[in-house]
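Okay, structure first, notes after.
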Amino acid sequence: MGSGAGRLSEQMTFAYRVTLEPDDNGTLLITCRSLPEVTTFGDDEADALRNARDAIEEALAARIAEGQEIPKASGHGPNLIRLPPSTSLEVNLYRQMRRRRPRGEGR
């Protein structure tokens with residue numbers, strides 16, 4: 001496989017930017033503008049980013065289960081949470097299925 005496979009893999013990987021803010025109890029509060037339902041915390045930056053990935057995966061799973069739209073991935077920048085390939089593939093498949101569903105059809 002050449003560099004084309006790497007580009008394809010990168011294009012299929014979803015990533016969302018999160019914001020880390022110090023909380024009043026010594027932890028870091030994490031939010032995600034693209035997914036407002038994502039709010040979590042961590043004891044330090046590494047813990048916070050791990051928890052952010054878990055929270056984003058849960059939010060995406062809930063949106064899929066409810067037949068809701070999946071927001072566009074964030075792209076580049078600091079505090080970018082890259083989702084595992086399996087999650088990215090599931091989201092890509094879901095988005096393709098939503099595009100192909102006839103208008104007016106339920107979940």
- Item | Subset of region 28-87 that is part of a helix (DSSP H, G or I) and touching a residue at least 60 places away in the same chain (Cβ under 8 Å) - its residue that is surrounded by the fewest Cβ atoms within 10 Å (Cβ to Cβ) | PRO85
- Look through SER34, SER86, SER9, SER74 and report the one residue that is at pLDDT below 90 and under 26 Å from ARG101 (Cβ atoms). SER74
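Do the conditions hold for GLY42, that is, is it at pLDDT below 95 and farther than 16 Å from LEU83 by Cα?
Numbers: at pLDDT below 95: no; farther than 16 Å from LEU83 by Cα: yes.
So GLY42 does not fit the description; no.
The values are calculated or read from the model by the stated rules, or taken from the named source; none is laboratory data. Being a predicted model, the structure only gives us computed values, none of them experimental. Glycine also receives a Cβ, built like all others from the backbone with ideal geometry; neighbour counts cover every protein chain displayed.
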